[in-house]
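**Q** A single structure is presented below for examination.
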Amino acid sequence: MSLPPDLLSLGERPLLVLADYDGTLAPIVPRPEEAWPEPGAREALARLLAEKRHRAAVVTGRLAEQVHRFLTLPDLPVVGLHGMEWPGEPIAPADSGALRHLAAHLPAVPGLRAEDKGWTLAVHFREVPEERQPDVEAALAAIPLPPGWEAIAGKKVREFRPGGFGKGRAAERLAGMHPGHLPVFLGDDVTDEEGFVRLRALGGVTVKVGEGDTAAEYRVGSPADVVALLRAWAGA
């Protein structure tokens, strides 16, 4: 996909680059533990961080330690668990009772994988036979939620999490921490849409990665395009 010239030239201004991980800095893969970054992504982020006028952070539904393991960039801030987990701040106690409740209601289907993140539960059905996936989606949507919890549908995944968090709120907070920097949010999934909406309201730049309806201003085709943008912004 051809990248818009005005998007490529954003690096002339001080930027706050906020990126999702899966589907944005790394390709979507069947098993989350194998989601290694897109070739060149780590190096492009390192170059961007080395440019003193720019700032960058990852905003993800993963635990921060997982992203650090993949990217090995200790100076890169990672906001994890959809904004529940912040660098240097204690995380709220996990609701183990709610997680047990959700796990007990999961359908028994070959290929269904429950990823207990300690504070949230992601249920992946990418490996469920395709003809059964609509029924699995319906069954997951029908699970009664614990009080104060919400469910978010993503790409072949349904995420159960405590309410009051989200990538949009996280992006707003990060933008407020870096006045004088133009916030740019890149993401590929439904959970990134609230980030697009909130940052556009603040005058930020929003970039959808891949196909699908979106509130983002721009669209690029793949994580490889994201790497190209990061390189351009870093002046590589």
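**Q** Based on what the data block shows, is residue 179 outside the structural domain of residue 11 (by TED's automatic domain parsing) and over 19 Å from the mean Cα position of the chain (by Cα)?
**A** It is false that residue 179 is outside the structural domain of residue 11 (by TED's automatic domain parsing) and over 19 Å from the mean Cα position of the chain (by Cα).
**Q** Here's something else I'd like to know. Residues being part of a loop (DSSP other than H, G, I, E, B), within 24 Å of residue 156 (Cα to Cα) and out of contact with any Lys or Arg (no Cβ under 9 Å at 6 or more places or on another chain): count how many of those fall in the stretch 66-125.
**A** 6
**Q** If the requirement is being surrounded by fewer than 18 Cβ atoms within 10 Å (Cβ to Cβ), touching a residue at least 60 places away in the same chain (Cβ under 8 Å) and closer than 30 Å to residue 56 by Cβ, which of these qualifies: 126, 161, 200?
**A** Matching residue, one of 126, 161, 200: 126.
**Q** Turning to a different aspect of this structure: Among the strands (runs of 3 or more DSSP E) lying completely within the stretch 148-236, list those that include at least 2 residues that are closer than 26 Å to residue 127 by Cβ.
**A** 149-154, 157-162, 205-209
**Q** Within the stretch 42-56, is there a residue that is surrounded by 14 or more Cβ atoms within 10 Å (Cβ to Cβ), under 15 Å from the mean Cα position of the chain (by Cα) and within 17 Å of residue 167 (Cβ to Cβ)?
**A** Checking the stretch 42-56: at least one residue is surrounded by 14 or more Cβ atoms within 10 Å (Cβ to Cβ), under 15 Å from the mean Cα position of the chain (by Cα) and within 17 Å of residue 167 (Cβ to Cβ).
Listed here are the residues, each with its yes/no results for (1) modelled with pLDDT under 95; (2) farther than 19 Å from residue 192 by Cβ; (3) in the same structural domain as residue 191 (by TED's automatic domain parsing).
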{"residue": "24", "(1), (2), (3)": "no, no, yes"}
{"residue": "30", "(1), (2), (3)": "yes, yes, yes"}
{"residue": "44", "(1), (2), (3)": "no, yes, yes"}
{"residue": "59", "(1), (2), (3)": "no, no, yes"}
{"residue": "64", "(1), (2), (3)": "no, no, yes"}
{"residue": "73", "(1), (2), (3)": "no, yes, yes"}
{"residue": "91", "(1), (2), (3)": "yes, yes, no"}
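**Q** Another question, if that's okay. Determine which member of the set 83, 118, 111, 163 is closer than 21 Å to residue 19 by Cα and either assigned by TED's automatic domain parsing to the domain that holds residue 36 or not acidic (Asp, Glu) (or both).
**A** 83
**Q** Name the residue, out of 102, 112, that is closer than 21 Å to residue 82 by Cβ and modelled with pLDDT of 95 or more.
**A** 102
**Q** Still on this structure: Could you run through the stretch 24-36 and say how many residues are without any contact (Cβ under 8 Å) to a residue 60 or more places away in the chain and either surrounded by 22 or more Cβ atoms within 10 Å (Cβ to Cβ) or outside any loop (DSSP other than H, G, I, E, B) (or both)?
**A** 2
**Q** Of everything in the stretch 12-23, what is in contact with a helix residue (DSSP H, G or I) (Cβ under 6 Å, 6 or more places away or on another chain) and either in a loop (DSSP other than H, G, I, E, B) or surrounded by fewer than 22 Cβ atoms within 10 Å (Cβ to Cβ) (or both)? Give them in sequence order.
**A** The answer is 20, 21.
The values are calculated or read from the model by the stated rules, or taken from the named source; none is laboratory data. In this text, all values refer to a predicted model and were calculated from it rather than measured experimentally. Don't worry about glycine lacking a Cβ; one is built from the backbone with ideal geometry, like all the others, and counts go over all protein chains shown.
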